[in-house]
Structures are given as structure tokens and as C-alpha cells.
Amino acid sequence: MASTQDSNAPLFLKIERYLEQRQALGGNLAYIEPMPSTTSATHNIPLSSSLAVLSEQHHEESVKKHQSQAETSIKTALQGNDAAPTVNPAWRDAPSLPVLYENIHTCLNCKLGTTRTKFVFGVGNPDADLLVIGEAPGADEDAQGEPFVGRGGQLLTKILEAVNFSRDEVYIANIIKCRPPENRRPEADEVEQCEPYLYKQIELIQPKLMLALGLTAVNTLLKAKHTMGAIRGKTLEYRGIPLIATYHPAALLRNPEWKRSTWEDVQLVRKMYDNLTGKSS
Ligand code: SF4
């Protein structure tokens, strides 16, 4: 429906044109008959000032109208942008990890997408039998776009090497692909948005065994509230895959007394890996 501003515009134009014609024909002064009920003399009205007032009013109306149109256009554009997918919907059918990466690395499906520096997809052997999984990228990972590359990452490399795994032999990823600000725990809606990418990575890699680093990672994967003491040394399961939990390397840097337990956990990983794959170190 046309607004009052819209419906006034043609009227202003007509009046403006009329006054301009009168000005061209009779000069700048318009003669106006006195009202029969008044005794006042005739009025000579300067048309130029009327036109100026009219023009100003018309201009204001026009500006308001265009502002309103611009606001509507911006709102529509923003709404369209909100709705626009930031990932290629074909990601669910990606036949390989590189194609999956291409389809999802621009993801803005949760608020972490707007604060990340780099999307942290995962790294390692695409056919790995062991998937090492953390909770979310930290500052170093966010800066470099690769999981477990800071001091904690270097310690992880040493831990893996201690049981004869190289970083290239396994696959390393996080549940969440973008860093939560201040390294806070991922929120439920962020996990809900991001975890399907991990499902797809698992579908493509088909690991035989998973090693979860840190209690938050384990509880996020299992939707549980375990304590590390209750689950260490046990074989859990995630999407049908055996899963062993141990401490996060960053926690080990703060609590070196946990290194012994971690050593036991990764020895268990090695043993299970050898049994499941028929390989041995
Ligand atoms: S955390 Fe996951 S869902 Fe959120 S923006 Fe990053 S990739 Fe997308």
C-alpha cells in the first residue's frame, strides 16, 4: 500500500509546476482574492518564496522517501545475507577430505565463525587408523589454521612418538573448527552446528580407534559428564568406534604429575591399535 509520503509526491509536483507557470506568466507576485468574510486587502504573495518553501518540503519528502527505500533495501539485503549459506550444501556428499574442506572452510554457521582467524579443519593421514581428537583450536591453532601446533601440540607430538606414532601417520582434528574466544568451552549450539563436520571426517577417514584429549572433548563427544578418573583406562565408544580418553597436552603442561597416567593411556592406545589393525610398532 502506498504511504502518505508517496501519495503526497505527485501533489507537490503539480503545485510546484502550477506556481512555476504562474511565475513565468505573471512575474513573481501572485494576486489572491480576499475571502468574502474578511475586510483585509488583497494579498500579493511572492511566488519565489512559496516555490522555495514548496521545494524544500518536496525535497524533505523526497529525502524521507529515499531514506525509507534505502533502509528497506539494506534490511532485505541483510536478511538475504543471513539466509545465504556460508558452506556448500554439497559438503555432506564430499568424496574426500580436500573436497570437504573446500565446501565448509568458509562456514559461519555459528558465532565462532565471526571471531576466528583461521578455520582449523584437521591434519594428517586421510586413511589413518587412529583419529586423535581435541575439543577446539587455541590461539596458536587459530593463527596457523592447524590443530595442536602450540606448546601443547609439540608435547602431543612427543607423546605420540613415545609409542611410535608419527604425526603424519595419524589424523588430528578438533570437534569444533573455530577457536572459542578466550579459549572458553564450546557452547551447546556451537557443538550442534559443528559436530556434523566431524561425523563427515570420520566417515571419510574410517578410523579404527580414537584417542580423545581432555575431559571436555570426551564429554562433548559422548554428551556425558564423566570424570577423567572414571573413564581413564577404559574403552569407550563414539559412533561405533572404540575411544580411549586421556589428558589434554595443555593440561599436562600445567600438571606434570599427570604425565605418568597419560603414558599408560597411550600405551593402551598402541596396544589396541596393533590389535585392531594387525600392525605393530
Ligand atoms: S565453529 Fe564450526 S559451525 Fe561454527 S562457524 Fe566454525 S566451522 Fe562453522
**OP:** Collect residues whose amide H, placed 1.01 Å from N in the peptide plane, falls under 5 Å from the amide H of T117; neighbours closer than 5 in sequence don't count.
**Re:** R179
**OP:** Out of all DSSP beta bridges with both ends in region 89-277, state the antiparallel percent to the nearest 5.
**Re:** 30 percent
Original post:
Given 0.36 nm per residue, what is the gain on full extension from A162 to A139 after removing their alpha carbon distance, in nm?
Top reply: 5.7 nm
**OP:** Mind running the shape call on region 205-279? Use the C-alpha gyration tensor, a ≥ b ≥ c as the square roots of the eigenvalues: rounded below 1.5 for a/c, prolate if a/b tops b/c, oblate otherwise.
**Re:** oblate
Original post:
Do any trypsin sites (Lys or Arg not before Pro) in region 152-184 lie in a loop, going by DSSP, with at most 13 other beta-carbon atoms within 10 Å of their beta carbon, and if so which?
Top reply: R184
Original post:
So for the pair E187, K234, with labels modelled 7 Å out along Cα→Cβ, what separation do we get in nm?
Top reply: 3.1 nm
Original post:
So what's Rg/Rh here for region 101-257, counting alpha carbon atoms and using the Kirkwood radius for Rh?
Top reply: 0.93
**OP:** Please identify which residues in region 165-184 have an amide N closer than 14 Å to a label point set 7 Å out from the Cα of T114, following the Cα→Cβ vector.
**Re:** 181
Original post:
Working out 0.36 nm times the residue gap between T277 and T106, then minus their Cα-Cα distance, what length gain in nm do you get to one decimal?
Top reply: 58.0 nm
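Only the coordinates and a few stated rules stand behind these numbers; no lab work does. From a predicted model like this one, the values you see are computed outputs, not experimental measurements. Cβ: placed from backbone, ideal geometry, glycine included. Neighbour counts: every protein chain shown.
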